[in-house]
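Here's the structure, in structure tokens; my notes come after.
Derivation of every value follows stated rules applied to the coordinates shown; laboratory data play no part. These figures come from a predicted structure and were not determined experimentally. Don't worry about glycine lacking a Cβ; one is built from the backbone with ideal geometry, like all the others, and counts go over all protein chains shown.
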Amino acid sequence: MIWAFNPEMRDFMPVLSPRLLAVQEIIAHLGCRRIADIGADHAYTLIHACAAGLTERAFACDVSEGSLRKAAVNIREHGMEDKIETRLGDGLAKISPGEADLIVITGMGGKLIQDILQKGRPAVRAARYAVLQPQRDLPGLRKALQAMDLTMIDERMVREKNQFYNILLCQNGKSQPYTDAEYCFGKILIERKDPVLRAFILKTLRVHEQIVQTIESAQSIAASGRLSALKRNIQMTKEVLQCL
């Protein structure tokens, strides 16, 4: 738990959600001196990282003036003004190459994360790591990362209430293409036989099988293409489940 880094701050630090706690635990093992949080929102990730001594300098970046004002208030309330700087701008536009050795992007769609990384490629190339927590579009993001010569060196999956979240740790470098199943569910998670992935797959199978039953009951010709795609996806999902 994050409190292990600085337990005397338990009563004063904001509580992190399970997904942000997982992000924090990854950061703790990287040893990065300068972190840029893109779409920082409340800046809790950076506040925790600085309070725990995980980084020396941090940049809270956001395209929203309102979010950045909220972040500035939180930073000031926790006495982190000398460590965390707020910057208003789109994506990585306000981060110069070499200024951050870790880039963190959480709570966005995979397509938006892809766009931010592509537009800010000079800063990404100069960084040691990127920690990404997409909300959706994971298969497409995994493919895009490989196309940008970003290799996924670790992945975690956490359950937060009824939702599942993936956190990707990436590094500059080429990697071999994945199979369709690995793009969909994550090569590292499958190889690790991740128990949270198993729970996610079981939930996904239930949902997809219910949809198939509904479509078949309706006998809709218009939905036949979707039905075939769903059945192929179910078969692929079951094959992954057998590996876990």
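At a glance:
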read-out	value
Of the GluC sites (Glu not before Pro) in region 9-84, those whose Cβ has at most 12 other Cβ within 10 Å and which sit in DSSP loop	56, 81
Cβ-based net charge around residue 195, under 15 Å, with every Lys or Arg adding one and every Asp or Glu removing one	+3
Ranked list, fewest to most other Cβ atoms within 10 Å of each Cβ, for 151, 86	151, 86
Potential extension, residue 69-residue 206 segment - 0.36 nm per residue separation minus Cα distance	45.0 nm
Percent of beta bridges antiparallel (DSSP, region 2-176, rounded to nearest 5)	40
Directionally averaged projected area (convex hull, Cα atoms, the chain), nm²	14.5
Rule-of-thumb Rg ratio for region 178-244 [Cα; 2.2 N^0.38 Å; N residues]	1.22
Cα-based Lys pair tally, the chain, threshold under 18 Å, eight or more apart or on separate chains	15
